[in-house]
Every structure is written in structure tokens, then in C-alpha cells.
Amino acid sequence: MFEFSENTSLDAEGEILRSIEYARVMALVERNIERAAPLHALDFQLITPVGIALSKEQYLGAIAAGGLVYSFWEPQHIDVRLYNQAAAIRYKSSLELTFGPHHVPRAEYWHTDLYEKRNGLWQVVWSQATEIRHQT
């Protein structure tokens, strides 16, 4: 049923997805909701590192209002798994943000996102971030 591309680094669709994710991250850091909104599906949901589920409206609304501000977000290489009209992406990043009165200092995170191709356009549907805690 599923078509899986073994070598997604050479796959044009994989490169498109990487470009979309980099553009989405940039739009969120710049608080450019006009650019960010179409990249998120209507039924988008983010699961934050502390386990809070945010809808598209809640997430982009918090960014637009200044309640959630990304001061730094630098993705590393994005791995892509492509399955017909869906794709999973995963990457590490360095991230720093302020959420309400809480400043979250720069740390490393794993990001896992599910994209679906809807009406010919890739949109992120689910997103989850997990902080990387280093053993001491």
C-alpha cells in the first residue's frame, strides 16, 4: 500500500518537504502568521515538550499575540520518510523561547512532524517536540 522512498535525500518531494519545514520554522520565529497559517492544516495539533496539546488556533494565536515567542530556532538536517500523500519528518534543533512569563533557555530538541498532502499542498498536521536531556 505505502510507497516508501529509501533514499529520500535524493527525492524531489523530500527536498520540497525540507524547504517547507524550514520556511515554517522561519515564519514562526518571525511571528509571520500570514506565511505560517497555510503551512498548518486546519486540524493541526502540537504536543509541546511538557505534554500540552495546542490546536492551530491556539498555537498561532499565542504566537500572534506575543504570548509565545521563539527567540531562536535552528533546525539541523531534516530526515524525511515519504508515504504516498503523507510524510513524517524528524530533526534535531536548538531552540529558545518565551511562553507567557516563562523563559525557556536554549536547549536541544527532537522534532517529529506528520505532513499530509491536501489539495496538492503539503501541510503539517501533527507536531511534537521532545527536549534532549544529556546524561551527566
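The values are calculated or read from the model by the stated rules, or taken from the named source; none is laboratory data. Keep in mind that what you see is a predicted model, and the values were worked out from it rather than measured. A quick note on method: Cβ atoms are made from the backbone with ideal geometry, for glycine too, and the neighbour counts reach across all protein chains shown.
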Next item on the list: Only residues that are in contact with a helix residue (DSSP H, G or I) (Cβ under 8 Å, 6 or more places away or on another chain), exposed (fewer than 15 other Cβ atoms within 10 Å of the Cβ) and either farther than 14 Å from residue 125 by Cβ or in contact (Cβ under 8 Å) with a residue 40 or more places away in the chain (or both): list them for the range 38-64, please.
Entry: 43
Checklist line | Answer residue from the range 38-60, given it is out of contact with any Ser or Thr (no Cβ under 7 Å at 6 or more places or on another chain) and part of a loop (DSSP other than H, G, I, E, B) and is modelled with the lowest pLDDT among those | finding: 50
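Return the total of residues in the range 87-103 being more than 21 Å from residue 31 (Cβ to Cβ), surrounded by fewer than 18 Cβ atoms within 10 Å (Cβ to Cβ) and touching a Lys or Arg at 6+ places or on another chain (Cβ under 7 Å). Break it down stepwise before answering.
So the first thing to find is which residues in the range 87-103 are more than 21 Å from residue 31 (Cβ to Cβ), and the list is 87-92.
Narrowing the set further to residues that are surrounded by fewer than 18 Cβ atoms within 10 Å (Cβ to Cβ) leaves 88, 90, 92.
In the following step, the residues that additionally are touching a Lys or Arg at 6+ places or on another chain (Cβ under 7 Å) were identified as 88.
Adding up the residues that qualify gives 1.
For (1) in a helix (DSSP H, G or I); (2) not hydroxyl-bearing (Ser, Thr, Tyr), each residue gets a yes or a no:
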{"site": "62", "(1), (2)": "yes, yes"}
{"site": "71", "(1), (2)": "no, no"}
{"site": "81", "(1), (2)": "no, yes"}
{"site": "88", "(1), (2)": "no, yes"}
{"site": "91", "(1), (2)": "no, no"}
{"site": "95", "(1), (2)": "no, yes"}
{"site": "98", "(1), (2)": "no, no"}
Next item on the list: Output the residues belonging to the range 2-37 that are exposed (fewer than 13 other Cβ atoms within 10 Å of the Cβ), acidic (Asp, Glu) and modelled with pLDDT of 95 or more.
Entry: 30, 34
Notebook entry, point to check: What about residue 83, is it at pLDDT below 95, under 18 Å from residue 125 (Cβ atoms) and of a type in the set (Phe, Trp, Tyr)?
Noted result: yes
